[in-house]
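One structure is given here, and the rest of the page talks about it.
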Amino acid sequence: MILVVLDHDGNKLRKASLEALTRARKLAETFGEGVAGVLLAEGQAPVEEARGYVETLYVAELGPYTAEKWAAGILEAAKAGVKAIVAPSSRQSRTYMGRVAYALRAGLLEDTLESWAEGGEVYATRYAYLNRVTQKVKSAPPVVLTVKPNTTPLAEPLGQPGEVVALNVPPVPTVEVLERLQEEKKGVSLTEADIVVTGGRGMGGPEAFRLVEELAALLGGAVGATRAVVDAGWRPYSEQVGQTGKTVQPSLYIALGVSGAVQHLAGMNKSKYIVAVNKDPEAPIFKHADYGIVGDVHQVLPALIQAVKKL
Ligand code: FAD
C-alpha cells in the first residue's frame, strides 16, 4: 500500500494534498500497490471529498494538533503494511514525518521536487546544501516522503468513493496544548493563491508595499516578496518566493521591481502567465515574462490599480 497523509483546513483538502496524491499514485502504479489515505482531524474533516481520491480512507479525530498524535495516527494506518508514506511538505509534516520514519526505520526523503520508483527503490530529487544544489537521492522501501508544494500536477478524483475506516489511535505520551492564540489570517495563502503579486527591491521601501497589497486584494490574490526584500526587513519571510522561500504556481504572477534572479525564478517560473514591471529593459525577468512593462513601478502600479478598479 502507498499511504497519503491528506492535509486539509477542516472543510476542504489543501491543494498540496492533491499533489501528494499524484505522487502516491505514480509510486503505486510502479509498485503495483493500492493507494490509501489518512485523514487526521481536530474536529471537522472533509471525509466525503477525501474518499473520492483513494481506495481506502483511514480517519481519526485526534483533538488539538501535536506531532506525537499525528505520527501515532499515521503509524496506525500504516499497520496494514506500506511501501511508502507520502505527505505534503509543511511545517507540520516536518514535525510528524520524522517521527514516522524513525518508528518504521524508514528512509526519509523530505521536500522532494520529483519522485519515482525504479528497480524496487524510491528515487527523488530535492534541494540540498542551503538550496545551492539539486540532489538525486534513493531509498529502499518503506520510504517516508514529503512533497514540496507547487511542484506536481493535482490529482483528479477516482470514479468511485473509497471505503472509510475509523482508526483506533492508541493514546501516546504527548505535549499538551494548553492555549492557542491564532494569528489573524489576511487573504489567501501564498502557496494556494491563483494570483500572486510580488514586490522586489525596485519597490523602494516597505511603505510602497501598501500598493502591492491593494492590487493583490483587488485581484483576490496573495502578496509575495523577493529575498532582497525579506532580508531588508520590508516583508516577512513567509512571503518569500524562490529557492529558499515558497514555490508558487499561480495562473497569474505579477512581478513588480523584481530583477529575475535564478533563485527567484526557481520559485515561480511554472506560473501560467508572468507579467513583469521593471524600469530596466534588460532585466532578466523579461526573458521569462509573457507580458512586460518597461517603466517605473511607482507610476505603473497606481495605473494598474486604477485599471483593475474599473473592471
Ligand atoms: P534586485 O536584484 O536588486 O532587483 C531589483 C529590480 O528592480 C532591478 O531589476 C531594477 O531594475 C528594478 N527597479 C528598481 N527600481 C525600479 C522602479 N522604480 N521601477 C521598476 N523597476 C525598478 N531570491 C529570491 O527572491 N528568493 C529566494 O528564495 C532566493 N534564494 C536565494 C538562495 C541563495 C543560495 C542565494 C545565493 C540567493 C537567493 N536569492 C533569492 C537572492 C537572489 O539571488 C537575488 O538577489 C534576489 O532575488 C534579488 O531580489 P530583487 O529582484 O528584489 O532585487
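The values are calculated or read from the model by the stated rules, or taken from the named source; none is laboratory data. As the structure is a computational prediction, the values presented were derived from the model and not from experiment. All Cβ positions, glycine included, derive from the backbone under ideal geometry; neighbour counts span all protein chains shown. The protein model used for the area step is the full one, side chains on, heavy atoms only, and it has no ligands, DNA or RNA in it. Shrake-Rupley method; radii C 1.70, N 1.55, O 1.52, S 1.80 Å.
Examine the range 169-182 for a residue that is open to solvent by less than 60 Å² (accessible area, probe 1.4 Å), at pLDDT 95 or above and not in a loop (DSSP other than H, G, I, E, B), and state whether such a residue exists. There is no residue in the range 169-182 that is open to solvent by less than 60 Å² (accessible area, probe 1.4 Å), at pLDDT 95 or above and not in a loop (DSSP other than H, G, I, E, B). Of the residues making up the range 106-164, those that are at positive phi and either exposed (fewer than 13 other Cβ atoms within 10 Å of the Cβ) or part of a strand (DSSP E or B) (or both) number 5.
A count restricted to the range 87-105 and to residues that are part of a loop (DSSP other than H, G, I, E, B) and either more than 16 Å from the ligand (Cβ to nearest atom) or on the phi > 0 side of the Ramachandran plot (or both) stands at 2.
Can we say T191 is more than 10 Å from the ligand (Cβ to nearest atom), buried (at least 16 other Cβ atoms within 10 Å of the Cβ) and modelled with pLDDT under 95? So T191 passes the test. Would you check if L215 is surrounded by 19 or more Cβ atoms within 10 Å (Cβ to Cβ), assigned to a helix (DSSP H, G or I) and in contact (Cβ under 8 Å) with a residue 12 or more places away in the chain? It is true that L215 is surrounded by 19 or more Cβ atoms within 10 Å (Cβ to Cβ), assigned to a helix (DSSP H, G or I) and in contact (Cβ under 8 Å) with a residue 12 or more places away in the chain. Filtering the range 231-246 to residues that are within 7 Å of the ligand (Cβ to nearest atom) and either closer than 23 Å to A217 by Cα or part of a helix (DSSP H, G or I) (or both) leaves Q240, V241, G242, G245. Does the range 218-230 hold any residues that are part of a strand (DSSP E or B) and either open to solvent by 10 Å² or more (accessible area, probe 1.4 Å) or of a type in the set (A, V, I, L, M) (or both), and which are they? Passing the criteria: A222, V223, A225.
Pairs linking a residue in the range 227-244 that is in contact (Cβ under 8 Å) with a residue 24 or more places away in the chain and over 17 Å from T151 (Cβ atoms) to a residue that is among the β-branched types (V, I, T) and within 6 Å of the ligand (Cβ to nearest atom), with Cβ atoms under 7 Å and 6 or more positions apart or on different chains, are R227/T244; R235/V229.
Taking the criterion of being in contact (Cβ under 8 Å) with a residue 24 or more places away in the chain, assigned to a loop (DSSP other than H, G, I, E, B), more than 7 Å from the ligand (Cβ to nearest atom) and open to solvent by 60 Å² or more (accessible area, probe 1.4 Å), the residues of the range 247-303 that qualify are Q249, K270, H288.
Results for (1) of a type in the set (A, V, I, L, M, F, W, C); (2) in contact with a Pro (Cβ under 7 Å, 6 or more places away or on another chain); (3) open to solvent by 10 Å² or more (accessible area, probe 1.4 Å), shown as yes or no for each residue.
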position: I2; (1), (2), (3): yes, no, no
position: S17; (1), (2), (3): no, yes, no
position: A20; (1), (2), (3): yes, yes, no
position: F31; (1), (2), (3): yes, no, yes
position: E55; (1), (2), (3): no, no, yes
position: L75; (1), (2), (3): yes, no, yes
position: V86; (1), (2), (3): yes, no, no
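Among residues of the range 88-99 that are open to solvent by less than 30 Å² (accessible area, probe 1.4 Å), those with a beta-carbon under 6 Å from a residue that is part of a helix (DSSP H, G or I) at least six positions away or on a different chain give the pairs P88/A16; P88/S17; P88/A20; Y96/A67; Y96/W70; Y96/A71.
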